[in-house]
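Okay, structure first, notes after.
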Amino acid sequence: MEQKLLFTDDVNGALRRIVSKSRPTAVFVLVDENTAQFVLPRLDLEATPITIPAGDEHKTLDTFAAVWDALQRGGATRHALLINLGGGMVTDLGGMAAATFKRGMPFVNVPTTLLGAVDAAVGGKTGINYGGLKNEVGVFALAADVIVSTVFFNTLPTRELWAGYAEMLKHAMLTSDDRLNELLAFEPTGDRQRLLTLLKESVEVKRRIVESDPCECGPRKALNLGHTVGHAFESLALQRACPVPHGYAVAWGLVVEGVLSHTRLGFPSLLLHRLADYVLEHYGTFHITCDDYDALLAAMRHDKKSRHGEINCTLLAACGDVRLDQAVDDDEMKTALDLYRDLFHI
Ligand SMILES: NC(=O)c1ccc[n+]([C@@H]2O[C@H](COP(=O)([O-])OP(=O)(O)OC[C@H]3O[C@@H](n4cnc5c(N)ncnc54)[C@H](O)[C@@H]3O)[C@@H](O)[C@H]2O)c1
């Protein structure tokens, strides 16, 4: 099935056209407590709402089953339509519920966070957390349509905007120097029209990569840039009982993996410094000392890309010149962490 991406500030119009074209037997809209309050009232939609609790801690089997229950109670058939109206939590869980109910009913994603728009709602990965592990159970299933808009971002906490912007920085690094410089000259809290244009370019990067590798066997690993180190920072923050937003961890991870890209593959130093300055200014610092290195390296070895206990990163010789499956040894990673601390004055 082809995934249509619509970039528009007329979400009502886009939804009306989708519904009148597909003529579903019934329309359901999945929201969390926040999107029920802040976003749903702004839509002119005839649909049965299904409300779930907000937050990743509720991306569980219980919540998932509650969505099936609601669809069943509401008499949904395989020809009904589910609209997922929310951030990545809602589109991940709702996508999986739709993909499995009656062996699969169509769904449309309307992401309401920047992270959802640039990443989670696009590309066909759905899932829930299970057994204490993130995204442990899920299926690949494409939304029939994804409506990308910035109109809902006014009620989004600023931190959520910055968290999503880290993924846009990543997409820019996977594209070109010009694209990265363009993003480093912008702030996502600024002009919404400009954000929508940048968002469109960014989503196209993800779409291109995903289309070349729908099941994540090869080129899609490019999207892991910044994530080997980012996930390790996230894990360390959790161990410290002081969690950090995923996007912030990715921003710091991009800098460390940028350092590795520079020392190993000659990624331009000027661009790396610009990126580090930007991340320091807008995301602050993730504080580490050399006493944290062993825990960080252990977390990196547990990353999904790691094979045979080796640390594995996606690196760049230059923006757009991607090198997958780069095995990094402990000393090289520790040197990169030292340089990260220098750049961040830690
Ligand atoms: N499928 C993928 O490829 C993919 C990629 C990246 C992340 N993810 C998943 O996405 C999730 C994170 O996504 P997220 O950051 O969007 O989190 P989220 O969906 O939990 O949203 C963050 C918070 O913002 C609130 N919110 C959403 N829209 C709002 C609005 N317009 N105004 C006010 N509040 C609003 C939500 O209720 C929530 O409290 C994680 O579960 C992650 O695993 C999936």
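The values are calculated or read from the model by the stated rules, or taken from the named source; none is laboratory data. Source: prediction; values computed, not measured. In this analysis, Cβ positions are derived from the backbone assuming ideal geometry, glycine residues included, and neighbour counts consider all displayed protein chains.
The set of residues in region 134-167 being near the ligand (Cβ under 9 Å from one of its atoms), of a type in the set (Ser, Thr, Tyr) and without any contact (Cβ under 8 Å) to a residue 40 or more places away in the chain is empty. Checking the structure you have, find out if any residue of region 6-22 is in a strand (DSSP E or B), hydrophobic (A, V, I, L, M, F, W, C), assigned by TED's automatic domain parsing to the domain that holds Leu142 and within 14 Å of the ligand (Cβ to nearest atom). No, region 6-22 contains no residue that is in a strand (DSSP E or B), hydrophobic (A, V, I, L, M, F, W, C), assigned by TED's automatic domain parsing to the domain that holds Leu142 and within 14 Å of the ligand (Cβ to nearest atom).
This table checks each residue for (1) surrounded by fewer than 17 Cβ atoms within 10 Å (Cβ to Cβ); (2) closer than 27 Å to Met89 by Cβ.
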position	(1), (2)
Val250	no, yes
Leu260	no, no
Phe267	no, no
His273	yes, no
Ala276	no, no
Glu281	yes, no
Thr289	yes, no
Asp292	no, no
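Each residue in region 52-68 was checked for being without any contact (Cβ under 8 Å) to a residue 40 or more places away in the chain and away from the ligand (no atom under 11 Å from the Cβ), and 5 of them qualify. For region 75-90, filtering for residues that are closer than 24 Å to Phe38 by Cα and assigned to a loop (DSSP other than H, G, I, E, B) leaves 1.
Among the residues of region 97-127 satisfying the criterion of being at positive phi and of a type outside the set (Lys, Arg), which is nearest to the ligand (Cβ to nearest atom)? Walk me through how you get there before you give the answer.
Initially, region 97-127 is screened for residues at positive phi, giving 102-104, 123-124, 127.
With the extra rule that they be of a type outside the set (Lys, Arg), the set shrinks to 104, 123-124, 127.
On the way: Gly104: 17, Gly123: 5, Gly124: 8, Gly127: 7 Å.
Checking each candidate, the answer is Gly123.
May I ask you to say which residue of Cys215, Cys242 is away from the ligand (no atom under 16 Å from the Cβ) and more than 22 Å from Asp338 (Cβ to Cβ)? Outline the logic, then answer.
Working: Cys215 fails: away from the ligand (no atom under 16 Å from the Cβ).
Just a single option satisfies the conditions, and that option is Cys242.
When Ala14 is tested against the conditions (1) small (Gly, Ala, Ser); (2) closer than 24 Å to Arg207 by Cβ; (3) surrounded by 18 or more Cβ atoms within 10 Å (Cβ to Cβ); (4) without any contact (Cβ under 8 Å) to a residue 24 or more places away in the chain, the lone failure is (4). Restricting attention to region 206-220, the residues that are out of contact with any helix residue (DSSP H, G or I) (no Cβ under 9 Å at 6 or more places or on another chain) and outside any loop (DSSP other than H, G, I, E, B) add up to 3. Just the residues that are basic (Lys, Arg) and farther than 25 Å from Thr8 by Cβ, please, taken from region 92-133. Within region 92-133, Lys102, Arg103 meet the criteria. Of a type in the set (Asp, Glu), within 16 Å of the ligand (Cβ to nearest atom) and in contact with a Ser or Thr (Cβ under 9 Å, 6 or more places away or on another chain), is that true of Asp92? When the stated conditions are applied, Asp92 passes them. Filtered by the rule that a residue be of a type in the set (S, T, N, Q) and under 16 Å from Asp277 (Cα atoms), region 174-193 gives a lone residue, Asn181.
Checking region 42-51 against the condition returns no match, with no residue being within 9 Å of the ligand (Cβ to nearest atom) and out of contact with any helix residue (DSSP H, G or I) (no Cβ under 6 Å at 6 or more places or on another chain).
Tally up the residues in region 326-344 that are under 13 Å from Asp277 (Cα atoms) and of a type in the set (Lys, Arg), please.
Within region 326-344, the first condition is being under 13 Å from Asp277 (Cα atoms), and the residues that meet it are 340-344.
Right, trim to of a type in the set (Lys, Arg) and you get 341.
Final tally of qualifying residues: 1.
Suppose we keep only residues that are surrounded by fewer than 19 Cβ atoms within 10 Å (Cβ to Cβ) and either in contact with a His (Cβ under 7 Å, 6 or more places away or on another chain) or in a helix (DSSP H, G or I) (or both) within region 41-56. Which one would you say is modelled with the lowest pLDDT? Once the filter is applied, the top-ranked residue is Asp56.
Do we find that Thr63 is outside any helix (DSSP H, G or I), among the β-branched types (Val, Ile, Thr) and closer than 26 Å to His246 by Cα in this structure? Before the answer, list the steps.
Values: outside any helix (DSSP H, G or I): no; among the β-branched types (Val, Ile, Thr): yes; closer than 26 Å to His246 by Cα: yes.
Considered against the rule, which asks whether it is outside any helix (DSSP H, G or I), among the β-branched types (Val, Ile, Thr) and closer than 26 Å to His246 by Cα, Thr63 comes out as no.
Are any residues in region 229-250 outside any helix (DSSP H, G or I) and closer than 14 Å to Tyr165 by Cα, and if so, which ones? Correct list: Pro245 only. Does Ala26 satisfy the condition of being assigned by TED's automatic domain parsing to the domain that holds Ala141 and without any contact (Cβ under 8 Å) to a residue 40 or more places away in the chain? Criteria not met by Ala26. Is it the case, given these coordinates, that Thr25 is out of contact with any His (no Cβ under 9 Å at 6 or more places or on another chain) and among the β-branched types (Val, Ile, Thr)? No, not satisfied.
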